[in-house]
Amino acid sequence: MSGIRIRAEAKDGITSVRSLITHPMESGLRKDSETDEPIPAQFIQELVCKWKDEVVLRAHWTGGVSKDPYLAFRFRGGEPGDPLEISWTDNLGQSASETTTIR
Amino acid sequence: MIDARRRRVLKGALAAVGVAFATGLVSARAVLAAWNAAAFRAEDPATALQGLLGTSEHTPSDAVRLQAPDDAENAAAVRVTVEVDLPNVRSISLIASGNPYPLVASFELGPRAEGFISTSIKMAQTADVVAVVKTDDAILSAAKRVNAAAGRCVG
């Protein structure tokens, strides 16, 4: 379970990608409401999207991106059956990746 | 003969460990180098953009279309969509001007990517959301005021 859901559709030469990622995206700026202790930062710092082996998008994020991030983007090319990979690394060094097939 | 084979095996194993170590180091360093702390930890938009793009100057442009709600129903998840009617878009960066760390995200677009990004951001208070777009020859922007008063304070 990578916690990454991807939907990629090719139409008229453009591939549209929509993705939902399960991640706490803690900014490090919040406090626990009961203990008043700071909640440690844990957020995705880098996200890479590859079509075949080519990087089409590289995102750098902070704790200002919403919990369980949503991301949509588009690129030229891509055909039904092609592999599309999204991977991320967070500030704690954890990572995940998921590959889908373009529809 | 056994000694010679052992040496070969040992040599091979050491080489493999060396390669794994080296690639591990390289990728860890690449990630650290890529995340621009000077920009993402800046406490005002101008310093953040200076750190990210080398300049804080940007020109408002109709070619940058920024969609965001007038009133955020949930300040912890404000949907922001940026569409750029230009070729050669290199990057799209999102700023929530009133956040403790205003530079929220930056997207580097590969040669195939269209000038289009949609994501959700947190807003600490009512403020301008600014989309800053770097093309081959200009730094353009669009801004929109988003009322986040109804939302939770999140940073």
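The values are calculated or read from the model by the stated rules, or taken from the named source; none is laboratory data. Every value quoted in this text rests on a predicted model; they were computed, and no experiment measured them. Backbone-built Cβ (ideal geometry, glycine too); neighbour counts: all protein chains shown. The accessibility values were calculated without ligands, DNA or RNA, using every heavy atom of the protein model including side chains. Shrake-Rupley method; radii C 1.70, N 1.55, O 1.52, S 1.80 Å.
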Looking at region B:125-136, which of the residues that are outside any strand (DSSP E or B) and more than 13 Å from chain A (Cβ to nearest Cβ) is most open to solvent (accessible area, probe 1.4 Å)?
B:Asp136
Any residue at all in region A:37-59 that's outside any strand (DSSP E or B) and in contact (Cβ under 8 Å) with a residue 60 or more places away in the chain?
no
Taking A:Ile102 as the residue in question, decide whether it is at pLDDT 95 or above, farther than 19 Å from B:Val82 by Cβ and open to solvent by 20 Å² or more (accessible area, probe 1.4 Å).
no
Hey, among A:Arg5, A:Arg74, A:Arg103, which residue is in contact (Cβ under 8 Å) with a residue 24 or more places away in the chain, within 8 Å of chain B (Cβ to nearest Cβ) and over 20 Å from B:Val104 (Cβ atoms)?
A:Arg74
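Table: residues versus (1) more than 9 Å from chain A (Cβ to nearest Cβ); (2) crowded, with 24+ Cβ neighbours inside 10 Å.
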{"position": "B:Asn99", "(1), (2)": "no, yes"}
{"position": "B:Pro102", "(1), (2)": "no, yes"}
{"position": "B:Ser106", "(1), (2)": "no, yes"}
{"position": "B:Pro111", "(1), (2)": "no, no"}
{"position": "B:Glu114", "(1), (2)": "no, no"}
{"position": "B:Ser118", "(1), (2)": "no, no"}
{"position": "B:Ala138", "(1), (2)": "yes, no"}
Name the one entry in B:Lys144, B:Lys122 that is surrounded by fewer than 20 Cβ atoms within 10 Å (Cβ to Cβ), basic (Lys, Arg) and out of contact with any Phe, Trp or Tyr (no Cβ under 6 Å at 6 or more places or on another chain).
B:Lys144
Given (1) surrounded by fewer than 16 Cβ atoms within 10 Å (Cβ to Cβ); (2) within 12 Å of chain A (Cβ to nearest Cβ), B:Arg90 misses just (1)
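Would you say A:Ser87 is touching a residue at least 12 places away in the same chain (Cβ under 8 Å), among the small types (Gly, Ala, Ser), open to solvent by 10 Å² or more (accessible area, probe 1.4 Å) and part of a strand (DSSP E or B)? Can you show your working first?
Working: touching a residue at least 12 places away in the same chain (Cβ under 8 Å): yes; among the small types (Gly, Ala, Ser): yes; open to solvent by 10 Å² or more (accessible area, probe 1.4 Å): yes; part of a strand (DSSP E or B): yes.
So A:Ser87 fits the description; yes.
Just one of A:Ile39, A:Ile44 is hydrophobic (A, V, I, L, M, F, W, C) and touching a Phe, Trp or Tyr at 6+ places or on another chain (Cβ under 9 Å); which is it?
Values: A:Ile39 fails: touching a Phe, Trp or Tyr at 6+ places or on another chain (Cβ under 9 Å).
Only one candidate passes the filter, namely A:Ile44.
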Whether any residue in region B:72-81 is surrounded by fewer than 17 Cβ atoms within 10 Å (Cβ to Cβ), of a type in the set (D, E, K, R) and not in a strand (DSSP E or B) is what I want to check.
yes
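Determine whether A:Leu47 is modelled with pLDDT of 95 or more and out of contact with any Asp or Glu (no Cβ under 9 Å at 6 or more places or on another chain).
yes
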Return the only residue of A:Gly93, A:Gly63 being in a loop (DSSP other than H, G, I, E, B), facing chain B (nearest Cβ under 9 Å), open to solvent by 20 Å² or more (accessible area, probe 1.4 Å) and within 30 Å of B:Pro45 (Cα to Cα).
A:Gly93
Filtered residues of region A:10-38 (kept if over 22 Å from B:Pro100 (Cα atoms), open to solvent by 90 Å² or more (accessible area, probe 1.4 Å) and either at pLDDT below 95 or of a type in the set (Gly, Ala, Ser) (or both)):
A:Glu34
